[in-house]
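Derivation of every value follows stated rules applied to the coordinates shown; laboratory data play no part. Here the structure is a predicted model, which is why all the values come from computation and not from measurement. Note that each Cβ is placed from the backbone with ideal geometry, even for glycine, and that neighbours are counted across all protein chains shown.
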Amino acid sequence: MDELKQDSGYEEILVLIDGDFSVIVVMSAAYRDEDAPAYLLKHENGAYQRVGSCVIGIDDTWSARISVVYTGEASSEFIHIGDFDSRADAIVHLWQRRRVVSFLPE
């Protein structure tokens, strides 16, 4: 993934990366820059899978959510990590829990 991707009217800005995971902020005309969502991506077999997000709510707090997959099931669900006063705080909490994205017992 390029550090900055420009395509179809949006930009992906790489914020954090550790080899297995990365966080990007997606800038587009759909959002004011300060309201642009952030996504946690898991790198696996040359592909990227979105496994978490930080989005601003109507109350101006940032909601962080992370995906968990249960063993034996093809689907996943998102767990709410918390609501935060800033996108940076939401990203930090999402990043700290990135390793939770795994297969949990049924």
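Tabulated data for the structure shown
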item	result
Theoretical gain in end-to-end length, ASP85 to TYR48 [0.36 nm per residue, Cα-Cα removed]	10.5 nm
FRET efficiency estimate (nearest 0.05) - Cβ-Cβ, VAL100 to ILE17, R0 30 angstrom	0.95
Proxy reagent accessibility, fewest Cβ within 10 Å first, across ARG97, ARG87, ARG32	ARG32, ARG97, ARG87
Using θ = phi - 60° and Karplus 6.51 cos²θ - 1.76 cosθ + 1.60, couplings along the stretch 21-35 (whole Hz; Gly, Pro as x)	9, 8, 10, 10, 10, 9, 8, 7, 5, 6, 9, 5, 3, 6, 10
Estimated FRET transfer efficiency when R0 is 25 angstrom, pair ARG32-VAL68 (beta carbons, to 0.05)	0.20
